1. How much length is gained if the chain between Met211 and Asp230 is pulled fully straight, taking 0.36 nm per residue apart and subtracting their Cα-Cα distance, in nm to one decimal?
2. In the full protein assembly as shown, how much of Arg118 is accessible to a 1.4 Å probe, in Å² to the nearest 10?
3. For the pair Asn137/Arg53, report the inter-label distance in nm, with labels modelled 7 Å from Cα in the Cβ direction.
4. Please give the contour-minus-distance gain from Ala129 to Lys35: 0.36 nm per residue of separation, less the Cα-Cα distance, rounded to one decimal in nm.
5. Going toward the positive end of the dipole of segment 11-104, with +1 on Lys and Arg Cβ and -1 on Asp and Glu Cβ, which of His63, Leu49, Gln37 do you reach last?
6. By how many degrees, between 0 and 90 and to the nearest 10, does the Cα long axis of helix 11-21 differ from the longest principal axis of the chain?
7. Angle between the Cα long axis of helix 195-215 and the longest principal axis of the chain, 0 to 90 degrees, nearest 10?
8. With a 1.4 Å probe and all protein chains in place, put Met141, Met70, Met231 in order of accessible area, largest first.
Amino acid sequence: MIYVKKNSWPENIQKDFDLQKAKSEWNDIPEEPNKEQARILREEFFDKLNKERLREALIKEQHGLCVYCMSRIENTAESTVIEHWCPLSKSKEKALQYENLFASCYGGQKETVNGVHRIRCCDAKKQDASIKVDPRNERMMENIVYYSDGRIDFSESYATAKIRNMLRGDLWYHLGLNGSVKNDGTMLADTATELVKKRKDAYEAAEDMLMVLDEDNELSPERVEEIIADMQAQDIWDE
Ligand SMILES: [Zn+2]
């Protein structure tokens, strides 16, 4: 997962939101909509926004990465879905609130494995669940750890065991970032998008890079910080 530093709302997006909220039907929907009202909220308000422009702003903010799994996303309706962190069905106000919106991949919704089984992640897995793991919380994001076998988890030193377990549940079950897992965290199968494999490959690539630096007598915390800073200075980050 990535930390997303939310920029101030681009003005044209704010105007677009205001235009939708100015419709008289907006007042007919209560803050906590029922199923039918949520459908109207999606189809008559959220879907009427300029999605192209909205996606562009969100993808830029996220350096071209899915907010949850860090896979590459592009500004097309086919590759990226606009995700409500607090589900649209649970809050009218947040349905059209920039801070609540993120760009997510399709989470394997479109892929099939062996023609049948699909293990979803990200938006496709989360659906209407309310989660606590929050990409806007920098400290929380910094306490996510990646293991050499490709698993993602929370650092054992972060927060209390109770909070950690709740957040871990979000990563494992609500977002499916470790594929299909047993209660003890043992992985049964990777996601349709091969997230665990991709993370294992990225871990190994980073390890190789460190070994090369070491062989050249260039391995130091300063050098690693420099490499990270160079990567973060790019508009588009590596998956
Ligand atoms: Zn994703």
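The values are calculated or read from the model by the stated rules, or taken from the named source; none is laboratory data. Since we're looking at a predicted model, the values are computed, not measured. Cβ sites come from the backbone with ideal geometry, for glycine too, and all protein chains shown count toward neighbours. We work out accessible area using only protein heavy atoms, side chains counted, and drop any ligands, DNA or RNA first. Shrake-Rupley method; radii C 1.70, N 1.55, O 1.52, S 1.80 Å.
1. 4.9 nm
2. For Arg118, the solvent-accessible surface is approximately 90 Å².
3. Here the answer is 3.3 nm between the modelled labels.
4. Here the answer is 32.4 nm.
5. His63
6. It is inclined by approximately 40 degrees.
7. With both axes taken from Cα atoms, the answer is about 40 degrees.
8. Met231, Met70, Met141
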